[in-house]
Amino acid sequence: MRITAVLGAAFAAGVLSPKDVFAAEWSQKVFDAKSLADAVKALGSDKFEVSPDVAITGPDIAENGAVVPVSISSKAPGTDFLAILVDKNPSAMSASFNIPAGTEAAVTTRVKMGATSNVHALARANGKWLVASKEIKVTLGGCGG
Amino acid sequence: MGNPMRIRAGVAGDTVEVKILMRHDMETGQRKDPTGAVIPAHYIKTIVAKHKDKVVFDANFGPSVSKDPFLSFKFKGGAAGDKVTVTWVDTSGDTRTDEGTVS
């Protein structure tokens, strides 16, 4: 009786595997990239361009690198992917977002920064990779310890 | 089972703004404890938000997203009273799902 119950629980756990829930694959290669260029390459392209359609907003100076609010957005038609990258972090890619039809290409989140660095907003619109950048100065790093 | 999320969703016209506050250490794997041992990485990797069984937002996180991650985004086609369901999965396979009501 007890064995049956355990098997049943294991089966239920298998059925409810979180892998079934998610559409986009989390890629180690993308999150290991050391620079914006490497990350774009890991995402399957070799070129990107600076675009006025993409915007990034954040503080000019972040007192605490552990919590830096960053907003990114894209006005380019057909934007289906956005990402935030921090140049000087151990890995550049911080977070990436898939934007389904009907969802605005604008996201706000908070990232950690180890040191003063350029922060990039990366967007994919109709297969083209577009970038906007902003330098954020950090007075106290958030990645050490 | 992780800590509960706080989910707020407000509608203006037909656009719903969703704000999510997750509770998670987001440990990078780069820090050391006082004895010098590396604290293993432990962070949220994937987040999916659904409205009426349709995925309206889908994010991948690396370790450099801040502790207790905050996210906000907007989608069209929602109305007051609708539910928005958010699920995250972290590096240890732990997962958490919570629901917010559009107001």
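Read-outs: derived from the displayed coordinates by stated rules, not from any lab. The structure presented is a predicted model; accordingly, all values stated were derived computationally and were not measured. For neighbour counting, all protein chains shown are included, and Cβ atoms are generated from backbone atoms with ideal geometry for every residue, glycine included.
Which pairs in the list B:50/B:76; A:88/A:112; A:41/B:54 are over 19 Å apart, alpha-carbon to alpha-carbon?
A:41/B:54
How large is the charge dipole for the protein assembly as shown, taken about the Cα centre, if only the Cβ atoms of Lys, Arg (+1) and Asp, Glu (-1) carry charge, to the nearest 20 debye?
Result for the protein assembly as shown is approximately 120 debye, rounded to the nearest 20.
Over all directions, what mean area does the Cα convex hull of the range A:24-138 project, stated in square nanometres?
6.4
Would you pull out the residues with amide H under 5 Å of residue B:78's amide H, same chain only if 5 or more places away, H placed 1.01 Å from N?
Result for residue B:78 returns B:16.
Could you run the Karplus curve 6.51 cos²θ - 1.76 cosθ + 1.60 with θ = phi - 60° over the range B:32-49 and give me ³J(HN,Hα) per residue in whole Hz, x for Gly and Pro?
Values, residue by residue: 10, 7, x, 8, x, 7, 5, 7, x, 4, 7, 8, 6, 9, 9, 9, 10, 10 Hz.
Let me confirm one metric for peptide B:52-59, namely the mean number of other chain beta-carbon atoms within 10 Å of its residues' beta-carbons.
5
Past 21 Å, Cα to Cα, is the threshold; run A:75/A:128; A:29/A:75; A:75/B:52 against it and keep the listed order.
A:29/A:75; A:75/B:52
Let me know the volume per residue of the alpha-carbon convex hull for the range B:6-101, in Å³.
83
Using alpha carbons only, what's the Rg to Rh ratio of the protein assembly as shown with Rh from Kirkwood?
Computed over Cα atoms, the ratio is 0.99.
Where Lys and Arg each count +1 and Asp and Glu each count -1, what net charge lies around residue A:27 among other residues with Cβ under 14 Å from its Cβ?
With Lys, Arg at +1 and Asp, Glu at -1, the neighbours total -1.
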